[in-house]
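Peer 1: Okay, here's the structure, questions in a sec.
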Amino acid sequence: MRALKMCFVIVAISVALSAGPAWAQAPAAQTPPAQAPAAQTPPATQPPADKAQPPRPFPEGAKVAYVNVNAIAAGSVEGKAATGKIQEYVKKKNAEIQEKQKALQTLQGKLQAGLSVMSDQARAQMEKDITKQSRELQSAQEDAQAEQQQLTQDLQNEFQQKLYPIIDQIAKERGLHMVLSVADSGAIWADTGLDLSAEVIKRFDAATKTGATKK
């Protein structure tokens, strides 16, 4: 069981982290994009989704099963808690960086507005201040990116350490020889009855509520 490859992704925030902060890529001063017009072409109507099929029973005598770690991360109490922690971190850092950006934009605006009346000495000092604030902003962006990556890694490790015993317990109870991570297995088809994800989430949440998950 310890050899099982786990590619843990906190699904609810993976998109937010890749598309949201853009801490290290965004320019120091940037004009916010214009809002979209109020009237827009409505999206095409989507066909009604098929009704959810009842779960298939676990195949009798099966010795191999699989889990969807992304589904477990998105659906379990532990996974949602990890997601919340990173969302809060991103929200906090975004607010801090936006304040720095606003301060820099204000200083740049003052420089542009006062060029015709400002003395050479005053202009040189303001340009120096702008350069300093730009560097501080860039440093804050880079630090936030590095800290976010470290926090995500720490939470992934903690999640896996708590998840392994749950999967191990289920595998032993069912007499399994192997449990695969479906995202990493390369499988193109599998009997859905072999999917232990729902059972893992149920037991994971129960263990979380009783404080029985092990690190």
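Here, each number is a calculation from the coordinates, and none is a lab measurement. These figures come from a predicted structure and were not determined experimentally. Ideal geometry is used to build each Cβ from the backbone, glycine not excepted, and the neighbour counts take in all protein chains shown.
Peer 1: Pull up all non-local amide H partners of Met178: gap of 5 or more, or a different chain, and H-to-H distance under 5 Å with H placed in the peptide plane.
Peer 2: Ala65
Peer 1: May I ask for the Rg/Rh ratio of the stretch 159-202, computed from Cα atoms with Rh as the Kirkwood radius, given to two decimals?
Peer 2: 0.95
Peer 1: While we're on this one: Starting at the first residue of the stretch 59-76, write each ³J(HN,Hα) from the Karplus equation 6.51 cos²θ - 1.76 cosθ + 1.60 with θ = phi - 60°, in whole Hz, x for Gly and Pro.
Peer 2: Computed from phi, the couplings for the stretch 59-76 are x, 5, x, 5, 10, 10, 9, 9, 10, 9, 5, 4, 5, 5, 5, 6, x, 8 Hz.
Peer 1: While we're looking at this one, here's another question. About the Cα centre of the stretch 58-210, what is the dipole size in debye to 20, counting +1 per Lys and Arg Cβ and -1 per Asp and Glu Cβ, all else neutral?
Peer 2: 440
Peer 1: Towards the positive end of the charge dipole of the stretch 58-210, with charges on Cβ (+1 Lys, Arg; -1 Asp, Glu), say which of Thr208, Gly61, Ile188 has the farthest Cα.
Peer 2: Thr208
Peer 1: A further question follows. Which listed residue (Ala95, Leu163, Ala146) has the Cα farthest towards the positive end of the charge dipole for the stretch 94-183, taking +1 on Lys and Arg C-beta and -1 on Asp and Glu C-beta about the Cα centre?
Peer 2: Checked the options; the winner is Ala95.
Peer 1: Filter the trypsin sites (Lys or Arg not before Pro) in the stretch 62-157 down to the DSSP loop ones having no more than 13 other Cβ atoms within 10 Å, then list what survives.
Peer 2: Passing sites in the stretch 62-157 are Lys63.
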